[in-house]
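The values are calculated or read from the model by the stated rules, or taken from the named source; none is laboratory data. Keep in mind that this is a model prediction, so the values were computed, not measured. Virtual Cβ from ideal backbone geometry, glycine too; neighbours counted across all protein chains shown. Just so you know, the surface numbers come from the protein's heavy atoms only, side chains and all, with ligands and any DNA or RNA stripped out. Shrake-Rupley method; radii C 1.70, N 1.55, O 1.52, S 1.80 Å.
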Amino acid sequence: MAETERTLVVVEDDANIADLLDLYLRDAGFRVLQAAHGERGLQLIEQHRPALVLLDIGLPDIDGFEVCRRVRARSNVPVLFLTARDGELDRLLGLELGADDYVTKPFSPREIVARVKAILRRGQPDDRDAHDITHLGDDYEVDVTRREARYRGQAVALATREFDLLAHLSRNQGIALSRQQLLDSVWGVDWVGDDRTVDVHVRQLRKKLGDDLPLATVWGIGYRLG
Ligand code: CA
(Lines give C-alpha, C1' and ligand atoms only; values in the text may rest on other atoms or scores of the structure.)
Protein backbone atom coordinates (compact mmCIF):
# COMPACT_ATOMS: atom_id res chain seq x y z
CA MET A 1 0.00 0.00 0.00
CA ALA A 2 1.36 3.43 -0.89
CA GLU A 3 2.26 5.80 1.91
CA THR A 4 -0.69 8.09 1.33
CA GLU A 5 -3.12 5.15 1.49
CA ARG A 6 -2.02 4.47 5.03
CA THR A 7 -2.03 8.05 6.25
CA LEU A 8 -4.86 9.26 8.46
CA VAL A 9 -5.49 12.71 9.88
CA VAL A 10 -7.06 12.92 13.33
CA VAL A 11 -8.58 16.32 14.15
CA GLU A 12 -9.37 16.23 17.86
CA ASP A 13 -8.64 18.77 20.58
CA ASP A 14 -8.97 16.35 23.49
CA ALA A 15 -5.38 15.13 23.82
CA ASN A 16 -6.40 11.97 25.67
CA ILE A 17 -8.75 10.87 22.92
CA ALA A 18 -6.30 11.88 20.19
CA ASP A 19 -3.46 9.90 21.80
CA LEU A 20 -5.65 6.88 22.33
CA LEU A 21 -6.73 6.89 18.68
CA ASP A 22 -3.14 7.44 17.64
CA LEU A 23 -2.01 4.43 19.63
CA TYR A 24 -4.58 2.03 18.24
CA LEU A 25 -4.41 3.27 14.65
CA ARG A 26 -0.62 3.06 14.56
CA ASP A 27 -0.87 -0.40 16.01
CA ALA A 28 -3.15 -1.28 13.08
CA GLY A 29 -0.42 -0.11 10.70
CA PHE A 30 -1.56 3.41 9.90
CA ARG A 31 0.48 6.57 9.88
CA VAL A 32 -1.38 9.11 12.04
CA LEU A 33 -1.10 12.89 11.84
CA GLN A 34 -2.75 14.80 14.66
CA ALA A 35 -4.29 18.25 14.66
CA ALA A 36 -5.71 19.85 17.80
CA HIS A 37 -7.74 22.46 15.95
CA GLY A 38 -9.61 22.82 12.67
CA GLU A 39 -7.29 25.09 10.70
CA ARG A 40 -4.33 22.83 11.43
CA GLY A 41 -6.42 19.85 10.35
CA LEU A 42 -7.19 21.52 7.02
CA GLN A 43 -3.48 22.20 6.50
CA LEU A 44 -2.53 18.58 7.16
CA ILE A 45 -5.26 17.29 4.86
CA GLU A 46 -4.12 19.62 2.08
CA GLN A 47 -0.44 18.74 2.51
CA HIS A 48 -0.61 15.01 3.08
CA ARG A 49 -3.69 13.86 1.13
CA PRO A 50 -4.68 11.27 3.76
CA ALA A 51 -6.76 8.20 2.99
CA LEU A 52 -9.28 9.20 5.66
CA VAL A 53 -10.00 11.95 8.18
CA LEU A 54 -11.27 11.40 11.73
CA LEU A 55 -12.99 14.60 12.70
CA ASP A 56 -14.17 15.84 16.06
CA ILE A 57 -17.03 18.36 15.97
CA GLY A 58 -16.33 20.53 19.03
CA LEU A 59 -12.99 22.18 18.22
CA PRO A 60 -11.44 25.36 19.63
CA ASP A 61 -11.46 27.38 16.40
CA ILE A 62 -13.71 26.35 13.50
CA ASP A 63 -15.96 23.39 14.30
CA GLY A 64 -15.89 20.00 12.60
CA PHE A 65 -18.90 20.86 10.43
CA GLU A 66 -17.02 23.78 8.91
CA VAL A 67 -13.86 21.71 8.50
CA CYS A 68 -15.87 19.07 6.62
CA ARG A 69 -17.51 21.70 4.42
CA ARG A 70 -14.14 23.09 3.41
CA VAL A 71 -12.66 19.64 2.84
CA ARG A 72 -15.64 18.68 0.69
CA ALA A 73 -15.20 21.78 -1.44
CA ARG A 74 -12.11 20.18 -2.97
CA SER A 75 -11.87 16.54 -1.99
CA ASN A 76 -13.83 13.32 -1.58
CA VAL A 77 -11.58 11.97 1.17
CA PRO A 78 -13.72 9.83 3.52
CA VAL A 79 -14.63 11.60 6.76
CA LEU A 80 -15.46 9.73 9.96
CA PHE A 81 -17.07 12.07 12.48
CA LEU A 82 -16.51 11.73 16.21
CA THR A 83 -19.61 13.16 17.86
CA ALA A 84 -20.87 13.73 21.38
CA ARG A 85 -24.31 12.33 22.08
CA ASP A 86 -25.88 15.72 22.68
CA GLY A 87 -27.27 17.86 19.86
CA GLU A 88 -24.20 17.31 17.66
CA LEU A 89 -25.53 14.13 16.13
CA ASP A 90 -28.83 15.75 15.13
CA ARG A 91 -26.99 18.61 13.56
CA LEU A 92 -24.63 16.27 11.78
CA LEU A 93 -27.47 14.27 10.26
CA GLY A 94 -29.30 17.46 9.35
CA LEU A 95 -26.41 19.16 7.61
CA GLU A 96 -25.95 16.81 4.64
CA LEU A 97 -22.21 17.17 4.76
CA GLY A 98 -21.48 13.92 3.02
CA ALA A 99 -19.89 12.32 6.06
CA ASP A 100 -18.96 8.72 5.41
CA ASP A 101 -19.69 7.52 8.90
CA TYR A 102 -19.82 8.68 12.47
CA VAL A 103 -19.27 7.27 15.94
CA THR A 104 -20.64 8.73 19.14
CA LYS A 105 -18.50 9.30 22.21
CA PRO A 106 -17.61 7.47 24.31
CA PHE A 107 -16.40 4.96 21.74
CA SER A 108 -14.02 2.06 21.89
CA PRO A 109 -10.77 2.55 19.96
CA ARG A 110 -11.19 -0.93 18.51
CA GLU A 111 -14.51 0.08 17.03
CA ILE A 112 -12.87 3.10 15.41
CA VAL A 113 -10.14 0.94 13.88
CA ALA A 114 -12.80 -1.42 12.50
CA ARG A 115 -14.78 1.47 11.02
CA VAL A 116 -11.69 2.99 9.44
CA LYS A 117 -10.74 -0.31 7.84
CA ALA A 118 -14.30 -0.86 6.59
CA ILE A 119 -14.45 2.57 4.96
CA LEU A 120 -11.07 2.12 3.30
CA ARG A 121 -12.01 -1.35 2.04
CA ARG A 122 -15.14 0.04 0.41
CA GLY A 123 -13.01 2.59 -1.39
CA GLN A 124 -11.04 -0.04 -3.25
CA PRO A 125 -12.14 -1.17 -6.69
CA ASP A 126 -12.92 -4.83 -7.02
CA ASP A 127 -11.05 -6.35 -9.96
CA ARG A 128 -13.23 -9.40 -10.16
CA ASP A 129 -16.14 -7.75 -11.98
CA ALA A 130 -14.32 -5.58 -14.43
CA HIS A 131 -17.39 -4.42 -16.37
CA ASP A 132 -19.87 -3.90 -13.61
CA ILE A 133 -21.80 -0.94 -15.00
CA THR A 134 -25.51 -0.44 -14.35
CA HIS A 135 -27.54 1.91 -16.53
CA LEU A 136 -30.34 3.90 -14.94
CA GLY A 137 -32.61 5.22 -17.65
CA ASP A 138 -30.80 7.00 -20.48
CA ASP A 139 -28.89 9.48 -18.40
CA TYR A 140 -27.18 7.68 -15.54
CA GLU A 141 -24.51 5.03 -15.17
CA VAL A 142 -23.22 3.44 -12.00
CA ASP A 143 -19.75 2.05 -12.59
CA VAL A 144 -18.87 -0.13 -9.62
CA THR A 145 -15.39 -0.97 -10.87
CA ARG A 146 -14.32 2.64 -11.15
CA ARG A 147 -16.59 3.63 -8.28
CA GLU A 148 -18.03 6.35 -10.43
CA ALA A 149 -21.55 7.65 -10.94
CA ARG A 150 -22.03 9.39 -14.28
CA TYR A 151 -24.76 11.72 -15.52
CA ARG A 152 -24.78 12.02 -19.31
CA GLY A 153 -21.21 10.77 -19.36
CA GLN A 154 -19.94 13.20 -16.74
CA ALA A 155 -18.64 11.81 -13.44
CA VAL A 156 -20.44 13.14 -10.37
CA ALA A 157 -18.41 13.30 -7.15
CA LEU A 158 -20.03 11.27 -4.37
CA ALA A 159 -18.87 10.47 -0.85
CA THR A 160 -17.97 6.83 -0.24
CA ARG A 161 -21.20 5.91 1.49
CA GLU A 162 -23.32 7.80 -1.02
CA PHE A 163 -21.80 5.77 -3.80
CA ASP A 164 -22.29 2.51 -1.90
CA LEU A 165 -25.95 3.36 -1.35
CA LEU A 166 -26.46 4.20 -5.02
CA ALA A 167 -24.65 1.02 -6.11
CA HIS A 168 -26.78 -1.12 -3.82
CA LEU A 169 -30.02 0.49 -5.02
CA SER A 170 -28.93 0.07 -8.63
CA ARG A 171 -28.25 -3.63 -8.12
CA ASN A 172 -31.84 -3.91 -6.85
CA GLN A 173 -33.57 -1.80 -9.46
CA GLY A 174 -37.36 -1.76 -9.20
CA ILE A 175 -37.36 -3.19 -5.69
CA ALA A 176 -38.55 -1.10 -2.74
CA LEU A 177 -36.01 -1.39 0.07
CA SER A 178 -36.67 -0.35 3.64
CA ARG A 179 -34.34 1.95 5.51
CA GLN A 180 -33.36 -0.97 7.74
CA GLN A 181 -32.57 -3.17 4.75
CA LEU A 182 -30.43 -0.41 3.32
CA LEU A 183 -28.64 0.10 6.62
CA ASP A 184 -27.94 -3.63 6.91
CA SER A 185 -26.65 -3.94 3.34
CA VAL A 186 -24.77 -0.69 2.91
CA TRP A 187 -23.70 0.23 6.44
CA GLY A 188 -23.48 -3.38 7.66
CA VAL A 189 -25.49 -5.26 10.27
CA ASP A 190 -23.04 -4.27 13.00
CA TRP A 191 -23.52 -0.59 12.33
CA VAL A 192 -25.21 1.22 15.18
CA GLY A 193 -27.03 4.41 14.34
CA ASP A 194 -30.18 6.10 13.26
CA ASP A 195 -32.16 5.25 10.12
CA ARG A 196 -32.39 8.97 9.38
CA THR A 197 -28.87 8.45 8.11
CA VAL A 198 -30.39 6.79 5.04
CA ASP A 199 -32.64 9.81 4.41
CA VAL A 200 -29.69 12.16 4.65
CA HIS A 201 -27.72 10.16 2.11
CA VAL A 202 -30.71 9.90 -0.24
CA ARG A 203 -31.10 13.69 -0.09
CA GLN A 204 -27.44 14.05 -0.99
CA LEU A 205 -27.80 11.68 -3.95
CA ARG A 206 -30.79 13.63 -5.24
CA LYS A 207 -28.99 16.91 -4.80
CA LYS A 208 -25.84 15.77 -6.53
CA LEU A 209 -27.34 13.65 -9.28
CA GLY A 210 -30.30 15.87 -10.13
CA ASP A 211 -34.02 15.57 -10.63
CA ASP A 212 -33.80 13.04 -13.46
CA LEU A 213 -32.53 10.36 -11.10
CA PRO A 214 -35.34 7.75 -10.94
CA LEU A 215 -35.13 7.39 -7.17
CA ALA A 216 -38.58 7.15 -5.60
CA THR A 217 -39.64 7.49 -1.98
CA VAL A 218 -41.94 4.58 -1.16
CA TRP A 219 -44.06 5.88 1.67
CA GLY A 220 -44.09 3.73 4.75
CA ILE A 221 -41.25 1.58 3.41
CA GLY A 222 -38.17 3.32 2.13
CA TYR A 223 -36.74 3.87 -1.32
CA ARG A 224 -36.79 2.37 -4.79
CA LEU A 225 -34.50 3.07 -7.72
CA GLY A 226 -35.95 2.67 -11.22
CA1 CA B 1 -13.66 18.36 21.17
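Observations on the model:
- All aspartates and glutamates inside 18 Å of K208 as judged from Cα atoms, apart from same-chain residues fewer than 8 positions distant: E96, D100, D138, D139, E141, D143, E148, E162, D164, D199
- What you get for the stretch 3-122, charging only the Cβ of Lys and Arg (+1) and of Asp and Glu (-1), is a dipole of about 560 debye around the Cα centre.
- Highest mean first, the peptides 157-170, 192-205 sorted by other C-beta atoms within 10 Å per residue fall in the order 157-170, 192-205.
- Placing dummy labels 7 Å off each Cα toward the beta-carbon, the span from R121 to R40 is 3.3 nm.
- Where labels lie 7 Å past Cα in the beta-carbon direction, separation of S75 and N16 in nm: 3.0
- Whole-Hz couplings from phi, Karplus 6.51/-1.76/1.60, listed for the stretch 49-58; x for Gly and Pro: 6, x, 7, 6, 10, 9, 10, 6, 8, x
- As a fraction of the 1.4 Å probe accessible area of the chain, surface on carbon and sulfur atoms comes out at 48 percent.
- Charge dipole (Cα centre; +1 on Lys/Arg Cβ, -1 on Asp/Glu Cβ; no other charges) of the chain amounts to roughly 360 debye.
- Rounded to whole Hz, the Karplus (6.51, -1.76, 1.60) HN-Hα couplings of the stretch 102-117, x for glycine and proline: 8, 10, 9, 7, x, 10, 8, x, 5, 5, 4, 4, 5, 5, 4, 4
- Rolling a 1.4 Å probe over the protein heavy atoms leaves S185 with an accessible area of roughly 70 Å².
- At the residue level, E141 shows approximately 50 square angstrom of accessible surface with a 1.4 angstrom probe and all protein chains present.
- Mean separation of Cα contacts under 8 Å, 6 or more apart, over the residue count of the stretch 154-226: relative contact order %: 44
- Remark: the stretch 3-122 carries 44 Å² of accessible area per residue (probe radius 1.4 Å; ligands, DNA and RNA excluded).
- Semi-axis lengths (Å, descending) of the ellipsoid that matches the C-alpha gyration tensor of the stretch 3-122: 19, 16, 14
- Note, ³J(HN,Hα) from phi for the stretch 76-88, Karplus 6.51, -1.76, 1.60, rounded to Hz, x at Gly and Pro: 9, 4, x, 10, 10, 7, 10, 10, 7, 7, 5, x, 4
- Proximal charge balance of R196 [Cβ under 13 Å; K/R count +1, D/E count -1]: -2
- 5 angstrom amide H check on T104, placed H, neighbours 5+ away: T83
- Note that the chain carries a Kirkwood radius of 18.1 Å, evaluated over its alpha carbons pair by pair.
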